[in-house]
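Notes to accompany the following structure.
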Amino acid sequence: MDEVSAKRGRPRDERARKAILGAARDLLIEDGYAALTVEGIARRAGVGRQTVYRWWQGKADVALEAMNAQAELEIAATDLAAFVRETFIVAPRYVPALSGLMAHAQLDPAFAARFRAEFLDRRRAALIALVRAELPALDPEYAADLVFGTLWYLVLTRPDRLDAEFADRMYETLHARRP
């Protein structure tokens, strides 16, 4: 739970929280970040807008938590090849959400810090742990920059290239890299 949520009102109703996050995820996939509204999330989740605002600052924070939860569910690989593959295979479905969150982070420094800490750094840490375990001679920071730099470039400019074949080539590149 984020710091803002912990300070406001009564505790979250877990069913309502899950409904809100699911609604945000579905709307992000269907319509993208630009069309996302707190009112639309609340309507889809069957809760009042005030419930959403009680727990999150706005649509960006709901979207961030929804995307983070989804990433944890869909990219839970325990080996490097699967992590890279799942990341590149799952990303196309979320391009409108990911690109919208990245754009919002460029305009809002406070949100950018939350986005980095709650999403980007968590995904990076998962990748780094796998690189350290499987490719100890490879600089894990370099590997993370290579994988996620490429991923974000493709998300923002060439999402049609996000697929299993590209992921497999990325994994081969990591293995071929000599320190």
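Values as computed for the structure displayed
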| quantity | calculated |
| --- | --- |
| Selection status of Gly22, surrounded by fewer than 21 Cβ atoms within 10 Å (Cβ to Cβ) and either of a type in the set (Ser, Thr, Tyr) or at pLDDT below 95 (or both) | no |
| Residues that are assigned to a helix (DSSP H, G or I), modelled with pLDDT of 95 or more and surrounded by fewer than 14 Cβ atoms within 10 Å (Cβ to Cβ), drawn from the range 25-42 | Glu39 |
| Within the range 52-95, considering residues that are without any contact (Cβ under 8 Å) to a residue 40 or more places away in the chain and surrounded by 20 or more Cβ atoms within 10 Å (Cβ to Cβ), the one farthest from Ala125 (Cα to Cα) | Val52 |
| Ala45 vs. criteria more than 17 Å from the chain's Cα centre (by Cα), surrounded by 14 or more Cβ atoms within 10 Å (Cβ to Cβ) and modelled with pLDDT of 95 or more | yes |
| Residues of the range 126-159 classified as open to solvent by 30 Å² or more (accessible area, probe 1.4 Å), under 21 Å from Ala103 (Cβ atoms) and in contact (Cβ under 8 Å) with a residue 40 or more places away in the chain, total | 3 |
| Qualifying positions in the range 127-141 - part of a helix (DSSP H, G or I) and either at pLDDT below 95 or of a type in the set (D, E, K, R) (or both) | Arg132, Glu134, Glu141 |
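The values are calculated or read from the model by the stated rules, or taken from the named source; none is laboratory data. Being a predicted model, the structure only gives us computed values, none of them experimental. Quick reminder, even Gly has a Cβ in these numbers, built from the backbone with ideal geometry, and neighbours come from all protein chains shown. The accessibility values were calculated without ligands, DNA or RNA, using every heavy atom of the protein model including side chains. Shrake-Rupley method; radii C 1.70, N 1.55, O 1.52, S 1.80 Å.
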